[in-house]
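Engineer: Encoded as structure tokens, here's the structure I'll be asking about.
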Amino acid sequence: MKKLIAVRNLRLCTKDCLCLYVCPTGATDTENSIIDTEKCTGCRACADACPGGAISMVPAAEYPPQQKKDVRVLSPSFALAESKAAQEALAARLAALGGGSDFGRLMAALARSVRLVNEDLLRESGYMLPQSGNAHALLKKLAADPPSAAFPVQAARRLLKLLPDNDECG
Ligand code: SF4
Ligand code: SF4
């Protein structure tokens, strides 16, 4: 039986994806950034590879479920997410104006960087975003063939429209 499992501290993670390359089981590659404890064998390759010290090995035990976030935390998170979305839109407009110039490329990089921060913010607020090609495909499938009458088809379609597939964005 494994004694240790890996956990990732999202606040220290710089998204360089080294842990995704070294993990032999794919445990580090999840939509919500939480390392899959079922797949983790405790080999610690990810913790050794992580340049930011964002991964720790902890005893493999039953932990209490994650607590729901209080509205006092969620409200400022949503306000910050809105301001980040405005920053991204502004940077994207400046990138378009700058074209292929250094300024344009800097603004394009800024827009992308702000988006990544915002995606983390929303994920921390409890939302799974269809960032990857796989998540896009799943959401499209659910929208086309809803699992129940209560499934929010319109919301799923709008989400797909608003959030580009990051695998395609490159
Ligand atoms: S190696 Fe560390 S910093 Fe890089 S993506 Fe994994 S957890 Fe984040
Ligand atoms: S400890 Fe090993 S198996 Fe577990 S997430 Fe890290 S690299 Fe993957």
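Throughout, read-outs are computed from the coordinates displayed, never taken from laboratory work. Only a predicted model underlies this, so the values are computations on that prediction, with no experimental measurement involved. Neighbour counts run over all protein chains shown; Cβ positions are idealised from the backbone, glycine included.
Engineer: May I have the extent of the alpha carbons of the range 69-127 along their three principal axes, as whole Å values ordered from largest to smallest?
Structural biologist: 44, 14, 12
Engineer: Next question, about the same structure. Using Cα atoms only, what is the angle between the long axis of helix 71-98 and the major principal axis of the chain, expressed in degrees (0 to 90) to the nearest 10?
Structural biologist: 50
Engineer: What distance in nm separates the simple spin-label points at THR25 and TYR63, each placed 7 Å from Cα in the Cβ direction?
Structural biologist: According to this spin-label approximation, the distance is 1.5 nm.
Engineer: Among ALA49, ALA91, ALA61, determine the one that fluctuates most according to a GNM of the chain built with springs between C-alpha atoms less than 10 Å apart.
Structural biologist: Of ALA49, ALA91, ALA61, the most mobile in the Gaussian network model is ALA61.
Engineer: Right, here's the next one. I'd like the orientation of helix 133-144 relative to the chain: the angle between its Cα long axis and the longest Cα principal axis, in ° from 0 to 90, rounded to 10.
Structural biologist: 70
Engineer: Set the Förster radius R0 to 25 Å, insert the Cβ-Cβ distance between THR37 and ALA86 as r into 1/(1 + (r/R0)^6), and round the FRET efficiency to 0.05.
Structural biologist: Calculated transfer efficiency: 0.10.
Engineer: While we're looking at this one, here's another question. Under 4 °C and 1.567 mPa s, how fast does the chain diffuse according to Stokes-Einstein, given a Kirkwood radius computed over C-alpha pairs? Answer in µm²/s, whole number.
Structural biologist: After rounding, the answer is 71 µm²/s.
Engineer: Something else about it: Which three extents, in angstrom, do the Cα atoms of the range 8-49 have along their principal axes, listed largest first?
Structural biologist: Cα extents, longest axis first: 23, 20, 14 Å.
Engineer: Turning to a different aspect of this structure: Cα to Cα, under 21 Å, and not fewer than 8 places away if on the same chain: which lysines meet these conditions relative to LYS39?
Structural biologist: Output for LYS39: LYS2, LYS3, LYS15.
Engineer: Show me the ranking of peptides 73-80, 144-151 by mean Cβ neighbours inside 10 Å, starting with the highest.
Structural biologist: Ranking, from highest mean packing down: 73-80, 144-151.
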